[in-house]
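Report on one structure; see the data block that follows.
The values are calculated or read from the model by the stated rules, or taken from the named source; none is laboratory data. These numbers come from a predicted model, not from an experiment. When we count neighbours, we look across all protein chains shown, and the Cβ atoms used for this are built from the backbone with ideal geometry, even at glycine. Heavy atoms of the whole protein, side chains included, go into the accessibility calculation; ligands, DNA and RNA do not. Shrake-Rupley method; radii C 1.70, N 1.55, O 1.52, S 1.80 Å.
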Amino acid sequence: MNETISTILKRRSVRAYRPDPVEKADIDLMLQAARHAPSAMNQQPWHFTVIRNPELLRKLEEHCKSAFLESTNEALREIAKQEGFSVFYHAPLMVIISGDPGALAAQYDCTLAMENMLLAATSLGLGSCWTNAIMMYHATEKGKAKFRELGITFPEGYQPYAAAAVGYPATPWPDAPPKKPDCVTFMD
């Protein structure tokens, strides 16, 4: 099996991180991989916000947890009520990809960029986990105001479409969950 396929098959959602900061060189490689994602008509409508400040991450996490607690989804509310629950799993790095909603396919383009970043993280021995709480919280007026208050801003008119926690795994690499077997149709 080639290295690319091996990395894709190895990638997992890691939900426990060591506090060690992610090396700047590794962050730069992940961002380079992200910027090489395909985008509709090569518009590259993305912007990358990299949060490494531990105190800012703690405050953002505290507020994003409220998105879970106030959710209409009972499972999210129950998870957030658990003792010790951490929305960002104590990761030392958060990357938010925002995009220009006026672009042809901003949400898809930003998602493709994030997947490149997640694969790059895996190839560098880093764990990562998609973090939907960022988008859930920012979608509310309360959330937008809190982002501004915390100084987390995006380019004018941009909105967050993808976010991930990144860091060095604190536990052994997770096993692959079962994959759906009957999700392909060949039309020869």
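Taking the criterion of being open to solvent by less than 70 Å² (accessible area, probe 1.4 Å) and either outside any helix (DSSP H, G or I) or at positive phi (or both), the residues of segment 17-44 that qualify are Tyr17, Asp20, Val22, Ala37, Ser39.
Of the candidates Phe154, Phe147, Phe186, the single residue that is open to solvent by 100 Å² or more (accessible area, probe 1.4 Å) and hydrophobic (A, V, I, L, M, F, W, C) is Phe186. Pro172 fulfils the conditions (1) out of contact with any Ser or Thr (no Cβ under 7 Å at 6 or more places or on another chain); (2) farther than 21 Å from Asp28 by Cβ; (3) open to solvent by less than 60 Å² (accessible area, probe 1.4 Å) except for a single criterion, (3).
Select from segment 101-116 the residues that are surrounded by 22 or more Cβ atoms within 10 Å (Cβ to Cβ) and among the aliphatic types (A, V, I, L, M) and write down the one among them that is nearest to Gly127 (Cα to Cα). The residue in question is Met114. When residues in segment 1-16 are screened for being in contact (Cβ under 8 Å) with a residue 40 or more places away in the chain, open to solvent by 80 Å² or more (accessible area, probe 1.4 Å) and not in a helix (DSSP H, G or I), 1 of them pass. As for segment 58-80, it holds no residue that is polar (S, T, N, Q), farther than 14 Å from Ala133 by Cβ, surrounded by fewer than 23 Cβ atoms within 10 Å (Cβ to Cβ) and at pLDDT 95 or above. Scanning segment 157-169 for residues that are over 20 Å from Ser86 (Cα atoms), among the small types (Gly, Ala, Ser) and open to solvent by less than 30 Å² (accessible area, probe 1.4 Å) turns up nothing.
Within segment 45-72, being assigned to a helix (DSSP H, G or I) and among the acidic types (Asp, Glu) holds for Glu55, Glu61, Glu62.
Put simply, of Lys180, Lys146 the only residue that is farther than 20 Å from Met114 by Cα and touching a residue at least 24 places away in the same chain (Cβ under 8 Å) is Lys146.
Can you tell me which residue within segment 117-134, out of those that are open to solvent by 20 Å² or more (accessible area, probe 1.4 Å) and modelled with pLDDT of 95 or more, is nearest to Ser66 (Cα to Cα)? So, considering only residues that are open to solvent by 20 Å² or more (accessible area, probe 1.4 Å) and modelled with pLDDT of 95 or more, the one nearest to Ser66 (Cα to Cα) is Trp130. In segment 49-73, the residues that are without any contact (Cβ under 8 Å) to a residue 60 or more places away in the chain and over 23 Å from Ala113 (Cβ atoms) never reach a residue that is of a type in the set (S, T, N, Q) and surrounded by fewer than 15 Cβ atoms within 10 Å (Cβ to Cβ) with C-beta atoms less than 8 angstrom apart, at least six apart or across chains.
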